[in-house]
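A.B. asks: The structure's right below; bear with me while I get my questions together.
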Ligand SMILES: Nc1ncnc2c1ncn2[C@@H]1O[C@H](COP(=O)(O)OP(=O)(O)OP(=O)(O)O)[C@@H](O)[C@H]1O
């Protein structure tokens, strides 16, 4: 079993993480400070170290340096608060394997652990093959740059999406990604980065929705120690951290008007000035943004600057909703089942026919995220080899009953159903055909038959 050393002075938090990792079959030792961590490291052969950035007698970066100085290739993962992310990025330049910001997301923790252990295995076998040549390649295969797990899809909508990604990725064009929540906008952004010439440089993802507007400029551009109350250290901003690579701004529509002006200026001038600094830093970033709101509408209302909108929207990509990617659903379901099996140590082989039919007719308002969550829950609950309809939650069944999917039952109500669907789709035939689950051609034929022009 793999051994992990967890260095964290917050007793409750460390207990929680230790239990979680143990439940996932890792052996975990805890140290509450650097001194005891150093002693533990001398005594045991750890496969991975998780360390908090702030420790009572030092910090995680000192510990990282110590591990690197001792020439061990134990991967080190830093635990940080959101505000410390840029320090963590710096730490990665010094050889940390990755960082995870608190509050922790269990999936992310498991993914980082398995990536880190994989790298350690690779390093070990490299070292064995090249016995006298020192393996001095840094662990730059961090989570921010690792390959995304990506299902390409086979539906017509996915084909268009993938073509757009391939086309735009190698350029420096700013891309605005739109689509409902949970459709995979961040995965698309990362895929653009990984297919670009910047793929070996950082990909920095920023959730604009979670940054309070008062600290947004310090987050984007950094600050100097002492430049305002609370600025206890120099801080690297997201622009600088992404230098040479890609800056991904998620929920960009949430930026305040003032922050929009600052962002536009930085993009136009290609340089940033950290708060409290007298000098400017030239930055070379590729910008990718995402939103699930109608930014043009926000522009019309005066909530979003038009000049910024055009700067962000040099090319736009719409990620289709899951309900419009019917041909892909089974691929995604299999992918998420495989993932859930691995995470939960189960071996469910598939889905019953009824569940697959349900997948195709449910509207999936939460898109891929909802499908992934559903499958994880179902995998956990299922006692059999197959996920069957007994695990479908009542609220999903209820929602499905309330959906606007109409089925032709008898010839008599066919005309009425078509009229209703056309009305609901504001006369858009493609949409109406989708609601009716018939092809557009059939819809046109039936409209002709019932003189519905
Ligand atoms: N092509 C894909 N292949 C496999 N998994 C995917 C794919 N696209 C998205 N996912 C998974 O679906 C979930 C939602 O994706 P993501 O976070 O990128 O969506 P989003 O549109 O950015 O969401 P939000 O609007 O809430 O920011 C994630 O768990 C992600 O890993």
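The values are calculated or read from the model by the stated rules, or taken from the named source; none is laboratory data. What you see is a predicted model; the values in this text were computed from it and never measured. Heads up, the Cβs are rebuilt from the backbone with ideal geometry, glycines too, and the neighbour counts pull from every protein chain shown.
A.B. asks: Could you list all residues from the range 271-290 that are more than 17 Å from residue 202 (Cβ to Cβ) and either in a loop (DSSP other than H, G, I, E, B) or more than 16 Å from the ligand (Cβ to nearest atom) (or both)? I'd like the intermediate steps shown before the answer.
C.D. replies: Our first condition is that a residue be more than 17 Å from residue 202 (Cβ to Cβ); within the range 271-290, this holds for 271, 273-280, 290.
Correct list: 271, 273, 274, 275, 276, 277, 278, 279, 280.
A.B. asks: Next up: Would you point out which residue out of 254, 259 is on the phi < 0 side of the Ramachandran plot and away from the ligand (no atom under 16 Å from the Cβ)? It would help to see each step written out before you state the result.
C.D. replies: Working: 254 fails: away from the ligand (no atom under 16 Å from the Cβ).
None of the other options fit; the residue is 259.
A.B. asks: Could you check, for the range 266-282, whether at least one of its residues is closer than 19 Å to residue 185 by Cα and surrounded by 15 or more Cβ atoms within 10 Å (Cβ to Cβ)?
C.D. replies: Residues of the range 266-282 closer than 19 Å to residue 185 by Cα: none.
No, there is no match, as no residue in the range 266-282 is closer than 19 Å to residue 185 by Cα and surrounded by 15 or more Cβ atoms within 10 Å (Cβ to Cβ).
A.B. asks: Working only within the range 305-351, note down all residues that are within 12 Å of the ligand (Cβ to nearest atom) and exposed (fewer than 15 other Cβ atoms within 10 Å of the Cβ).
C.D. replies: Once the filter is applied, which keeps residues that are within 12 Å of the ligand (Cβ to nearest atom) and exposed (fewer than 15 other Cβ atoms within 10 Å of the Cβ), the range 305-351 yields 334, 338.
A.B. asks: I've got another one for you. Pairs needed: first member in the range 103-124, on the phi < 0 side of the Ramachandran plot; second member anywhere, part of a helix (DSSP H, G or I) and at pLDDT below 75; C-beta distance under 7 Å; at least 6 residues apart or different chains.
C.D. replies: As it stands, the answer is 112/143; 115/143, since those pairs meet every condition given.
A.B. asks: Testing residue 257 on (1) in contact (Cβ under 8 Å) with a residue 24 or more places away in the chain; (2) buried (at least 16 other Cβ atoms within 10 Å of the Cβ), one condition comes back false. Which one is that?
C.D. replies: Every condition holds for residue 257 apart from (2).
A.B. asks: Residue check: is residue 81 surrounded by fewer than 16 Cβ atoms within 10 Å (Cβ to Cβ), touching a strand residue (DSSP E or B) at 6+ places or on another chain (Cβ under 7 Å) and either at pLDDT 55 or above or on the phi > 0 side of the Ramachandran plot (or both)?
C.D. replies: On the way: surrounded by fewer than 16 Cβ atoms within 10 Å (Cβ to Cβ): yes; touching a strand residue (DSSP E or B) at 6+ places or on another chain (Cβ under 7 Å): yes; either at pLDDT 55 or above or on the phi > 0 side of the Ramachandran plot (or both): yes.
Yes; evaluated as a whole, the condition is true for this residue.
A.B. asks: Every residue in the range 182-204 that is near the ligand (Cβ under 10 Å from one of its atoms), in contact with a helix residue (DSSP H, G or I) (Cβ under 7 Å, 6 or more places away or on another chain) and in contact (Cβ under 8 Å) with a residue 60 or more places away in the chain, please. Full working, then the answer.
C.D. replies: Restricting attention to the range 182-204, the residues satisfying the condition of being near the ligand (Cβ under 10 Å from one of its atoms) are 182-191.
Filter once more, so that each one left must be in contact with a helix residue (DSSP H, G or I) (Cβ under 7 Å, 6 or more places away or on another chain): 182-184, 188, 191.
182, 183, 184, 188, listed by residue number.
A.B. asks: Out of all the residues in the range 225-247, is one or more within 16 Å of the ligand (Cβ to nearest atom) and over 18 Å from residue 285 (Cα atoms)? Steps first, answer last, please.
C.D. replies: From the range 225-247, those within 16 Å of the ligand (Cβ to nearest atom) are 246-247; that's our starting set.
Then drop every residue that is not over 18 Å from residue 285 (Cα atoms), which leaves none.
Among the residues of the range 225-247, not one is within 16 Å of the ligand (Cβ to nearest atom) and over 18 Å from residue 285 (Cα atoms), which makes the answer no.
A.B. asks: Next up: Could you tell me whether the range 300-320 includes any residue that is closer than 30 Å to residue 114 by Cα, in contact with a strand residue (DSSP E or B) (Cβ under 8 Å, 6 or more places away or on another chain), in contact (Cβ under 8 Å) with a residue 24 or more places away in the chain and not in a loop (DSSP other than H, G, I, E, B)? Don't jump to the end; show me each part of the working.
C.D. replies: Let us first name the residues in the range 300-320 that are closer than 30 Å to residue 114 by Cα, namely 319.
Pick out the ones that are also in contact with a strand residue (DSSP E or B) (Cβ under 8 Å, 6 or more places away or on another chain) and you get 319.
From what's left, in contact (Cβ under 8 Å) with a residue 24 or more places away in the chain: 319.
Remaining after also requiring not in a loop (DSSP other than H, G, I, E, B): none.
Within the range 300-320, not a single residue is closer than 30 Å to residue 114 by Cα, in contact with a strand residue (DSSP E or B) (Cβ under 8 Å, 6 or more places away or on another chain), in contact (Cβ under 8 Å) with a residue 24 or more places away in the chain and not in a loop (DSSP other than H, G, I, E, B).
A.B. asks: So in the range 363-380, with the set limited to residues that are closer than 16 Å to residue 398 by Cβ and within 16 Å of the ligand (Cβ to nearest atom), which one is surrounded by the fewest Cβ atoms within 10 Å (Cβ to Cβ)? Steps first, answer last, please.
C.D. replies: Keep residues of the range 363-380 that are closer than 16 Å to residue 398 by Cβ, which gives 363-366, 370, 374.
Now restrict to residues that are within 16 Å of the ligand (Cβ to nearest atom): 364-366, 370, 374.
Numbers: 364: 23, 365: 14, 366: 16, 370: 17, 374: 23.
Restricting to residues being closer than 16 Å to residue 398 by Cβ and within 16 Å of the ligand (Cβ to nearest atom), the top hit is 365.
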